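Read through the structure below, which is laid out as structure tokens, and then see the notes.
The values are calculated or read from the model by the stated rules, or taken from the named source; none is laboratory data. Remember, predicted model here, so these are calculated numbers, not experimental data. Cβ placement follows ideal geometry from the backbone for every residue including glycine, while neighbour counts extend to all protein chains displayed. For the accessible areas, the whole protein counts, side chains as well, though only heavy atoms, and no ligand, DNA or RNA atoms are used. Shrake-Rupley method; radii C 1.70, N 1.55, O 1.52, S 1.80 Å.
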Amino acid sequence: MSLLEAAKNANTAFSEIPIIDLKEITDPDPVVQQALAKQIRDACIDVGFFYVTNHGISEAIIESALESMKTYFASPLEVKMELDNKKTPNFKGYNAILSSNNDPTGAGDMHEGFEFGWEALGDSPGTLDARRMKDGSMAGANVWPDVPGFRVSLLRYYHAAVALGKNLFPLFARALDLAPDFFDDKTQNSAALVRVLHYPPQTGPIDERVIGIGAHTDFEVSSLKVSRTLDAKLMAWQCFTILWQQPDIQALQVCNTSGEWIDAPSIPGTLVINLGDQFARWTNDVFKSTVHRAANRSGARRYSIPLFFGTDYDVLLEPIPSCVSAERPPRYEVVTAGDYVKMRLQATYGH
């Protein structure tokens, strides 16, 4: 079945999120790679989400990052606000509870976060890598809190997740009937941003306008709203998100085309991969950027680590030829990844 035929016959009224084993992700055998790519293609066309096992990020790296997050978010608010991302031109740093709003019909997102991008572990804190000078709205050094071990533990996680992301691109290319190296020249200095998140427990009367993260697709996190019946399409920039979510706490939900919210629980030993709107634009909606949200009703604190993996900022988001036909003409205007992310970040944070 051709790529466009598969898209035409997609089963988007899914009831569960597929699980894909990556233990053979570096196997050079093209037959093995094509079999993996087929699983990814099906997940991307039908759901836009999938879990991965054997992803290569060690539990020690994850646990170290989690402990550092807990320490940082327990700091006094006035200390965290010293690095408020509204004080930085590149949106990096801290965002307080309710300071972002991914659903304009809501009253704000019930989480706090801290965002950073590429930085070599061996560099001095906040060093600006010359390779990041073309990062558009995100250009500029990271900012770091004065919390022992926070920078090192989070950068160790960051670089492990970036390595996984780079290994996924050849599989995405094969899934789109492209050469495995199709994305190589478009991801030389990929936009890769981490936002570590803390969701406090939501107790008392439930205000449906205030949840952990409102309904959105991922650009980083999008600012537009898809209605309960999916009448509108949220737009975003990045290719995909690599998400670690805390075990034993249900929060993430994914919306299918029947308007049903499907739980995406934390499964031990897995990460969640979800497609962003950059892939939706590139593939002319053959790959799905699916609406999702997070609501922490557990009564406990919840932590998660999404890494948003995009292309170089100067790459044009124009439709891939294999995803366009007379019956499926291009659906989006062509823009650069950098211009797109700037617009969405300004909408999310209001600056």
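Taking (1) modelled with pLDDT of 95 or more; (2) open to solvent by less than 40 Å² (accessible area, probe 1.4 Å) in turn, Gly149 satisfies each apart from (2).
Taking the conditions (1) farther than 25 Å from Pro200 by Cα; (2) at pLDDT 95 or above in turn, Pro125 satisfies each one other than (2). Restricting attention to segment 318-331 and to residues that are out of contact with any Phe, Trp or Tyr (no Cβ under 6 Å at 6 or more places or on another chain) and open to solvent by less than 50 Å² (accessible area, probe 1.4 Å), the residue that is farthest from Leu3 (Cα to Cα) turns out to be Pro319. Quick one: would you say Asp277 is within 24 Å of Phe114 (Cα to Cα), touching a residue at least 60 places away in the same chain (Cβ under 8 Å) and either open to solvent by 10 Å² or more (accessible area, probe 1.4 Å) or in contact with a Gly (Cβ under 7 Å, 6 or more places away or on another chain) (or both)? When the stated conditions are applied, Asp277 does not pass them.
Residues considered: Ala43, Ala35. Of these, the only one that is surrounded by 21 or more Cβ atoms within 10 Å (Cβ to Cβ), at pLDDT 95 or above and either part of a helix (DSSP H, G or I) or among the acidic types (Asp, Glu) (or both) is Ala43. Scanning segment 171-192 for residues that are out of contact with any helix residue (DSSP H, G or I) (no Cβ under 7 Å at 6 or more places or on another chain) and not in a loop (DSSP other than H, G, I, E, B), we see that the one that is surrounded by the fewest Cβ atoms within 10 Å (Cβ to Cβ) is Asp185. Under the condition of being more than 16 Å from Cys44 (Cα to Cα) and of a type in the set (Phe, Trp, Tyr), which residue from segment 238-274 is most open to solvent (accessible area, probe 1.4 Å)? Checked segment 238-274; the qualifying residue most open to solvent (accessible area, probe 1.4 Å) is Trp261. Inside segment 145-195, residues that are over 18 Å from the mean Cα position of the chain (by Cα), of a type in the set (A, V, I, L, M) and over 22 Å from Ala43 (Cβ atoms) make up a count of 2.
So which residues in segment 242-294 are aromatic (Phe, Trp, Tyr), under 12 Å from the mean Cα position of the chain (by Cα) and closer than 30 Å to Leu4 by Cβ? So that I can check it myself, show each step before the final result.
We begin by selecting, within segment 242-294, every residue aromatic (Phe, Trp, Tyr); these are 244, 261, 279, 282, 287.
Pick out the ones that are also under 12 Å from the mean Cα position of the chain (by Cα) and you get 244, 279.
Within segment 242-294, just Phe279 meets the criteria.
For Arg131, indicate whether it is more than 17 Å from Lys92 (Cα to Cα) and modelled with pLDDT of 95 or more. No. With respect to the conditions (1) over 25 Å from Gln253 (Cα atoms); (2) hydrophobic (A, V, I, L, M, F, W, C); (3) modelled with pLDDT under 95; (4) touching a Gly at 6+ places or on another chain (Cβ under 9 Å), Met1 falls short on a single one, namely (4). Screening segment 55-81 for residues that are free of Cβ contacts under 8 Å to residues at least 40 places away in the same chain and not hydrophobic (A, V, I, L, M, F, W, C) and picking the one that is farthest from Leu22 (Cα to Cα) gives Glu78.
Anything in segment 50-66 that is part of a helix (DSSP H, G or I) and exposed (fewer than 13 other Cβ atoms within 10 Å of the Cβ)? List them, or say none. Full working, then the answer.
Of the residues in segment 50-66, the ones part of a helix (DSSP H, G or I) are 59-66.
Hits for segment 50-66 are Glu59, Ala60, Glu63.
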